[in-house]
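Scroll down for the structure; my scribbles are underneath it.
Read-outs: derived from the displayed coordinates by stated rules, not from any lab. Model, not experiment: these values are computed from the prediction. With ideal geometry, Cβ positions are generated from the backbone for all residues, glycine too; neighbour counts draw on all protein chains shown.
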Amino acid sequence: MFKKFAGKITLGRNSKNLKKVVLMVTAAFVVMTYCTIPAFAAAGFMTNAVNTLKIVVGAIGAGLAVWGIVNLLEGYGNDNAGAKSQGIKQLMAGGGTIILSQTLVPLLSGVFS
């Protein structure tokens, strides 16, 4: 996946495939988590829904962060300032989304009680 050329690490053609894999894995994880909500509806629905939402938002943030890392490496490999900028923005947005999923989403359980 990585090629070493003249002291630089570059991503090959697989970077587009890697982005597609990250997108598909994140989407599959979100769908699988969403499908488990009815299984927990009998007891403590709100607690289970908040936990599920926390996992889903965290998974989306992780996918965004990984996508940002791929763009960042691609930008460094091709010496492209635009790709580096986009990659660092996606990485920071993914990290922020993960932090929100761990701090803000659990507060939703107190809204309906």
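Our coupling estimate for the stretch 69-82, obtained by passing each phi through the Karplus curve with A = 6.51, B = -1.76, C = 1.60 and θ = phi - 60°, is 5, 4, 5, 5, 5, 5, x, 5, x, 9, 6, 10, 5, x Hz, Gly and Pro reported as x. Each peptide in 75-83, 56-64 was scored by the mean count of other Cβ atoms within 10 Å over its residues; highest first, the order is 56-64, 75-83.
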